[in-house]
């Protein structure tokens, strides 16, 4: 499967400084999350997918230059659906009997749901000036409402 890494910063990024696949040549990300990282993708199309996703969730307002502002309630809007699924999985996990827990049969899928709804590590990633490559969910926990963010390079990764 393929996903994307978005370079997102709080200041404009010259095209000459866009994130490239060379950055990942000997990087922890390749081998632990990704099989490989490639620059063979359509940046504008990928940004459109990011824009559509964040705007659909009422998380961000995009400008024509592909910069965006986090909406006043953007973080909560972004996590609203995942939070409901996370709480549902936690409640199911809290009802597991000792026998079920001991066998582990039903625990794996519930733990997966809990972890994935808290932070999906096989979805989009973000590389910023403050953080190395982190899941989009982790990035969204760090954003500030009203802050302007800029998109630089966009890379494909396979997992």
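Here are a few things to note about the model shown:
- Each residue in the range 25-42 was checked for being surrounded by 15 or more Cβ atoms within 10 Å (Cβ to Cβ) and touching a helix residue (DSSP H, G or I) at 6+ places or on another chain (Cβ under 8 Å), and 4 pass.
Every residue, every condition in (1) crowded, with 17+ Cβ neighbours inside 10 Å; (2) closer than 21 Å to residue 43 by Cβ; (3) in contact with a helix residue (DSSP H, G or I) (Cβ under 9 Å, 6 or more places away or on another chain), yes or no:
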{"position": "100", "(1), (2), (3)": "no, no, yes"}
{"position": "103", "(1), (2), (3)": "no, no, no"}
{"position": "121", "(1), (2), (3)": "no, no, yes"}
{"position": "125", "(1), (2), (3)": "yes, yes, yes"}
{"position": "159", "(1), (2), (3)": "no, yes, no"}
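- Any hit, the range 134-151, residues being surrounded by fewer than 19 Cβ atoms within 10 Å (Cβ to Cβ) and more than 18 Å from residue 54 (Cα to Cα): no
- Condition met for residue 58 (surrounded by 14 or more Cβ atoms within 10 Å (Cβ to Cβ) and on the phi > 0 side of the Ramachandran plot): yes
- So residue 6, is it within 18 Å of the chain's Cα centre (by Cα), surrounded by 12 or more Cβ atoms within 10 Å (Cβ to Cβ) and outside any helix (DSSP H, G or I): yes
- Elements of type helices (runs of 4 or more DSSP H) contained in the range 85-146, each with 3 or more residues being under 22 Å from residue 72 (Cα atoms), within 10 Å of the chain's Cα centre (by Cα) and modelled with pLDDT of 95 or more: 136-142
- The residue list 117, 73 contains one member that is surrounded by 14 or more Cβ atoms within 10 Å (Cβ to Cβ) and in contact (Cβ under 8 Å) with a residue 24 or more places away in the chain, which is 117.
- Test: residue in the range 55-64 that is touching a strand residue (DSSP E or B) at 6+ places or on another chain (Cβ under 6 Å) and within 16 Å of residue 6 (Cβ to Cβ): yes
- Between 46, 52, the distinction of being surrounded by 13 or more Cβ atoms within 10 Å (Cβ to Cβ), assigned to a helix (DSSP H, G or I) and either touching a residue at least 40 places away in the same chain (Cβ under 8 Å) or under 18 Å from the mean Cα position of the chain (by Cα) (or both) belongs to 46 only.
- Taking the criterion of being over 28 Å from residue 75 (Cα atoms), touching a strand residue (DSSP E or B) at 6+ places or on another chain (Cβ under 7 Å) and not in a loop (DSSP other than H, G, I, E, B), the residues of the range 23-36 that qualify are 24, 30, 36.
The values are calculated or read from the model by the stated rules, or taken from the named source; none is laboratory data. Nothing here was measured: the structure is a model prediction, and the numbers come from that model. Virtual Cβ from ideal backbone geometry, glycine too; neighbours counted across all protein chains shown.
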